[in-house]
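Student: I have a structure I would like to understand better, so I am pasting it below and will then ask my questions one at a time.
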Amino acid sequence: PGAGGGGGTGGGPAVVEVARVEAARIEDDAQAVGSLRAVQTVIVRPEVSGRVVKIGFADGGRVRRGQLLVQLDDTLQLAQLKQSQAQASIARTNLQRSRDLQAQNFVSQSAVDQNAAALEVAEAQVALSQAQLTRLAIRAPFDGVAGIRGIALGDYLKDGADIVNIEDLDAIYVDFRLPERFQTKVQPGQTALIDL
């Protein structure tokens, strides 16, 4: 540099690094913190209120679809079902008698129709009682692993109260976020390495 230039570092040559050119593969990997999430997961809750009389699963244990998890007290509903079944039986007998009497022209068609309607009502009552009874037996919706239960034997559960989580761990998602700059580089079928 000339005198008074002040822009240089001195009068020597520039420093240069030299290396042999080689072909190499450069991997642009990204690391992210994520979480594992079951494909199927549910919090089991009762549809009706009741007192817990039986627990049919162990904390952290495997459960099968349809397995009884919790049985609520069904004493009253069983009695109602028996009463409904008895009324349906009486209505069935009355209908048969009225049909026999109508065949001999002792009763009108109207009486037969009334007994047939009474039987339908009684059978509907049986179906209603059975449905109410079924709702007191809480069953697993799918195969999975039960979490830690939030109930104990003798607890009174209100409808909608949390009982236990069930997760199907046979297939899980890995949920993580990557920076936007990787959006064009991420493709279906790429391998992701996961460390737990």
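The values are calculated or read from the model by the stated rules, or taken from the named source; none is laboratory data. Quantities reported herein were computed from a predicted structural model and do not represent experimental measurements. Reconstructed Cβ throughout: ideal geometry from the backbone, glycine too, with neighbour counts over all protein chains shown. The accessibility values were calculated without ligands, DNA or RNA, using every heavy atom of the protein model including side chains. Shrake-Rupley method; radii C 1.70, N 1.55, O 1.52, S 1.80 Å.
Student: Considering only protein heavy atoms and a probe of 1.4 Å, how much of the accessible area of the chain is carbon and sulfur, as a whole percent?
Tutor: Carbon plus sulfur share of accessible area: 51 percent.
Student: A follow-up question, please. Do any GluC sites (Glu not before Pro) in the range 39-147 lie in a DSSP loop with no more than 13 other beta carbon atoms within 10 Å, and if so, which?
Tutor: Listed in order of number, the matching sites are Glu47.
Student: How much of the pair distance distribution for the range 61-172 lies past 24 Å, counting alpha-carbon pairs only, in percent?
Tutor: 51
Student: Here's a follow-up. Determine which lysines satisfy two conditions relative to Lys54: a Cα distance under 23 Å, and not lying fewer than 8 residues away in the same chain.
Tutor: Partners found: Lys82, Lys158.
Student: In cubic angstrom, how much convex hull volume per residue do the alpha carbon atoms of the range 120-196 span?
Tutor: Per-residue hull volume (Cα only) is 239 Å³.
Student: Would you mind checking which residues have amide H under 5 Å from Asp143's amide H? H placed 1.01 Å from N; only 5 or more apart, or other chain.
Tutor: Amide H neighbours of Asp143, under 5 Å, 5+ apart: Arg65.
Student: Put +1 on the Cβ of each Lys and Arg and -1 on the Cβ of each Asp and Glu in the range 1-140; which of Ala38, Ala122, Val18 then has its Cα farthest toward the positive end of the dipole?
Tutor: Ala122
Student: Additional query: Once phi is turned into ³J(HN,Hα) by the Karplus curve 6.51 cos²θ - 1.76 cosθ + 1.60 with θ = phi - 60°, what whole-Hz value does each residue of the range 123-130 show in order, with x for glycine and proline?
Tutor: Once θ is set to phi - 60°, the couplings for the range 123-130 become 5, 5, 5, 4, 4, 5, 5, 5 Hz.
Student: Could you give the radius of gyration (one decimal) and Dmax (whole number) of the Cα atoms in the range 1-105, in Å?
Tutor: 42.9, 138
Student: Determine the dipole magnitude for the range 62-196: charges of +1 sit on the beta-carbon of Lys and Arg, -1 on that of Asp and Glu, nothing else is charged, the reference point is the Cα centre, and the result goes in debye to the nearest 20.
Tutor: 180
Student: How high is the relative contact order of the chain? Use alpha-carbon pairs under 8 Å, at least six apart in sequence, and give a whole percent.
Tutor: This gives 37 percent for the chain.
Student: Return the calculated 222 nm mean residue ellipticity for the chain, to the nearest 500 deg cm²/dmol, obtained by summing -39500 (n - 2.57) across DSSP H runs with n ≥ 4 and dividing by the residue count.
Tutor: Mean residue ellipticity at 222 nm (helix-derived): -10000 deg cm²/dmol.
Student: Additional query: Hey, any idea what the orientation-averaged projected area of the convex hull of the chain's Cα atoms comes to, in nm²?
Tutor: Result: a mean projected hull area of 27.1 nm².
Student: Compute for the range 100-158: radius of gyration divided by Kirkwood radius, i.e. Rg/Rh, restricted to C-alpha atoms, rounded to two decimals.
Tutor: 1.40
Student: Ok, one more. Tell me, what is the per residue accessible area of the range 54-196 in Å², probe radius 1.4 Å?
Tutor: Counting only protein heavy atoms, the per-residue value for the range 54-196 is 69 Å².
Student: Calculate the dipole size of the range 63-124 relative to its Cα centre from +1 charges on Lys and Arg beta carbons and -1 charges on Asp and Glu beta carbons; express the result in debye to the nearest 20.
Tutor: That gives a dipole near 220 debye.
Student: Still on this structure, I have one more. Please name which of Leu153, Leu78, Gln96 has its Cα lying farthest along the dipole of the range 63-196 towards the positive end, using unit charges on Cβ (Lys, Arg +1; Asp, Glu -1) and the Cα centre as origin.
Tutor: Gln96
Student: Rounding to the nearest 10 and keeping the result within 0 to 90°, find how far the Cα-based axis of helix 75-103 lies from the longest principal axis of the chain.
Tutor: For helix 75-103, the angle is close to 50 degrees.
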